[in-house]
Amino acid sequence: LSPGMGSDRLAAVYNDPPAASRPRWLRVNWLMVLCAAALLAVGVLFIRSACSVRVGRAHELWRQMLWPWIPLGVAAHVVVAAVDYRRWTDWAWAFYLFALVLLVLVLIPGIGTTSNMGARRWLFGRFQPSEGAKFALVAALAFVLGGGMALGERAKLWLSLGLAAVPAALVLLEPDLGTTLPFVAAALAMVFVAGCAKRTLLALVLAAALGASAFLGAILLPEKLPPERRAKVEAVTGRFLHRHWKDRVLVFAHPERDLQGAGWNAWQSKIAVGSGGERGKGYMKGTQNALGYLPVSVSSSDFIFSVIAEETGFRGSAAVLGLFALLLASVAWTGLRCRDEAGRLLCTGVGAILFTHVFVNVAMTIGVMPITGIPLPLVSYGGTFAISTLALLGLGSGLRGRSLRLRPGD
């Protein structure tokens with residue numbers, strides 16, 4: 001801002017009359033909205049295809065996606081986009097604390113709903129608190145890193161990482177290893193973009209890489225030991241490593257290890273993707289899905305991309321990935337146009353969460369990452385997940401035309 005700028009001129013720059021004078025519907029990021037709508041349509045179509053093999057449940061699951069989850073998600077998107085994003089950051093602490101309370105409640109026996117593998121992830125049978133915690137974390141980090149608190153760089157860094165570590169640890173206790181990845185990705189991306197103590201951040205990233213290596217080593221190395229020593233080591237590691245975590249890493253490292261058990265999903269998913277070829281087998285004509293080789297319990301959620309790849313082939317898969325690329329590009333474009341730190345950080349957090357979900361989900365379905373049980377945004381079946389994703393996109397689509405934009409020379 002130029003020294004001596006009058007209050008009228010300053011107000012004109014802040015309000016950005018050319019943008020503010022446009023109708024509100026013109027200030028929406030329509031590329032983001034159209035890409036999200038197209039992905040939702042793809043999701044509904046292929047959820048129907050994936051559920052077609054479930055006798056008596058296909059129409060029921062399809063209706064559940066159409067009502068009430070998608071309407072509720074669209075409503076959440078509109079509300080978040082309509083409210084000034086600064087309001088969401090101002091109330092970030094209230095959202096964050098409320099999210100932590102829900103994450104604690106879900107761990108209490110008798111309150112949280114238990115899955116068939118013993119994990120507690122839902123309240124009231126259908127609400128997943130970890131999904132709402134993503135929105136709360138992004139808002140809280142944007143408030144802290146965007147200047148909402150008068151802190152030094154190192155203080156911001158440690159506070160931000162602590163804010164991300166608490167919900168991530170609670171989700172890990174459910175246990176849900178896959179859902180912790182978006183929390184970590186959002187925190188690291190937002191801290192990096194905020195410019196906080198990059199050397200310290202680099203050291204923490206290296207420490208995290210060493211921790212991941214230790215995690216993999218604790219699972220893979222005992223396989224090379226004699227049976228007696230292996231039993232002793234597994235007795236120690238079994239105290240903090242869940243059995244299904246071990247199974248997923250082992251079948252990833254050795255795909256032929258347990259094809260009839262823990263490795264079944266990953267193996268059948270790769271067959272489905274590869275058998276689609278260039279053009280696919282046709283809508284609702286995928287044999288891996290129709291004959292039940294791709295398990296019906298996961299084909300509409302974690303492995304929906306396998307159904308898409310089998311039925312539409314490389315062309316259809318590339319088109320879906322192209323839609324995700326446009327969606328992420330629109331989020332990045334909005335962030336680059338923001339001259340307000342909080343708005344730029346919000347877009348960073350939203351983009352990091354979406355990218356993590358897309359990358360990990362597609363990677364595990366084609367066999368280049370272990371199975372983590374992380375869904376594909378806007379496409380996989382999941383009520384709370386659809387609502388939280390659309391709410392996060394609402395932050396990006398509502399930012400256009402609201403953040404402070406300075407003209408050249410100002």
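The values are calculated or read from the model by the stated rules, or taken from the named source; none is laboratory data. Source: prediction; values computed, not measured. When we count neighbours, we look across all protein chains shown, and the Cβ atoms used for this are built from the backbone with ideal geometry, even at glycine. Accessible surface is based on the protein model in full, side chains and every heavy atom, while ligands, DNA and RNA are left aside. Shrake-Rupley method; radii C 1.70, N 1.55, O 1.52, S 1.80 Å.
Which residues make up the longest stretch of the chain that has no trypsin sites (Lys or Arg not before Pro) in a DSSP loop with at most 15 other Cβ atoms within 10 Å?
Working: sites that count: R57, R126, R239, R257, R279, K285, R339.
Answer - 127-238.
Using a Cα-Cα cut-off of under 24 Å, which lysines could be cross-linked to K224, ignoring same-chain neighbours fewer than 8 residues away?
The reachable lysines, counting only those whose Cα sits under 24 Å from K224, are K232, K246.
Quote to one decimal, in nm, the extra length available between A325 and S213 on full extension: 0.36 nm per residue of separation minus the C-alpha distance between them. Walk me through the intermediate numbers first.
Working: separation 112, 0.36 × 112 = 40.32 nm, distance 2.99 nm.
The span from A325 to S213 would gain 37.3 nm if fully extended.
Alpha carbon centre of the stretch 186-212 versus the stretch 295-338: separation in Å?
When both Cα centres are located, 27 Å separates them.
Let me make sure I get this right: for the stretch 151-232, a, b and c are the square roots of the gyration tensor eigenvalues over alpha carbons, sorted descending. Under 1.5 in a/c it's rounded, otherwise prolate if a/b > b/c, else oblate. Which is it? Can you show the working numbers first?
On the way: a/c = 3.43, a/b = 2.07, b/c = 1.66.
In terms of gyration-tensor shape, prolate.
For the chain, how big is Rg over Rh, using alpha carbon atoms and the Kirkwood form of Rh?
Details: Rg = 22.8 Å, Rh = 22.8 Å.
A ratio of 1.00.
With the Cα gyration tensor of the stretch 92-238 giving a ≥ b ≥ c as the square roots of its eigenvalues, does the rule (a/c under 1.5 for rounded; else a/b larger than b/c for prolate; else oblate) give rounded, prolate or oblate? Walk me through the intermediate numbers first.
Numbers: a/c = 3.25, a/b = 1.26, b/c = 2.58.
Note, shape of the stretch 92-238 comes out oblate.
On average, how much accessible surface per residue is there in the stretch 184-261, in Å², for a 1.4 Å probe, leaving out ligands, DNA and RNA? List each step's numbers first, then the result.
Details: 4890 Å² over 78 residues.
I get 63 Å² per residue for this part.
Find the centroid of the Cα atoms in the stretch 162-177 and in the stretch 131-149, then give the distance between the two in whole Å.
So the separation of the two Cα centres works out to 16 Å.
Each label point is 7 Å from the Cα along the Cα-to-Cβ direction; what then is the distance between the points at L72 and T287, in nm?
4.0 nm
How much accessible area per residue does the stretch 281-410 have, in Å², with a 1.4 Å probe? Walk me through the intermediate numbers first.
On the way: 4190 Å² over 130 residues.
Accessible surface, normalised per residue, equals 32 Å².
Net charge around A309, counting only other residues with Cβ within less than 12 Å of its Cβ (Lys, Arg = +1; Asp, Glu = -1)?
+1
Under 5 Å between amide H atoms, partner at least 5 residues away or on a different chain: which partners does T113 have, H built in plane at 1.01 Å?
R121, W122, L123, F124, G125
State whether the stretch 280-410 is rounded, prolate or oblate according to the following rule on the C-alpha gyration tensor (a ≥ b ≥ c being the square roots of its eigenvalues): a/c under 1.5 gives rounded; otherwise a/b larger than b/c gives prolate, and the remaining case gives oblate. Walk me through the numbers before you get to the answer.
On the way: a/c = 3.01, a/b = 2.48, b/c = 1.21.
Cα axes put the stretch 280-410 in the prolate bin.
Of all the accessible heavy-atom surface of the chain, with the other protein chains kept in place and a 1.4 Å probe, what percent is carbon and sulfur? Walk me through the numbers before you get to the answer.
Details: 13000 of 19180 Å².
Exposed carbon and sulfur together represent 68 percent of the surface.
For K156, which lysines qualify as cross-link partners when the Cα separation must be under 21 Å and same-chain residues fewer than eight apart are set aside?
Of all the lysines, those that pass the test against K156 - Cα under 21 Å, at least 8 places apart if same chain - are K134, K198.
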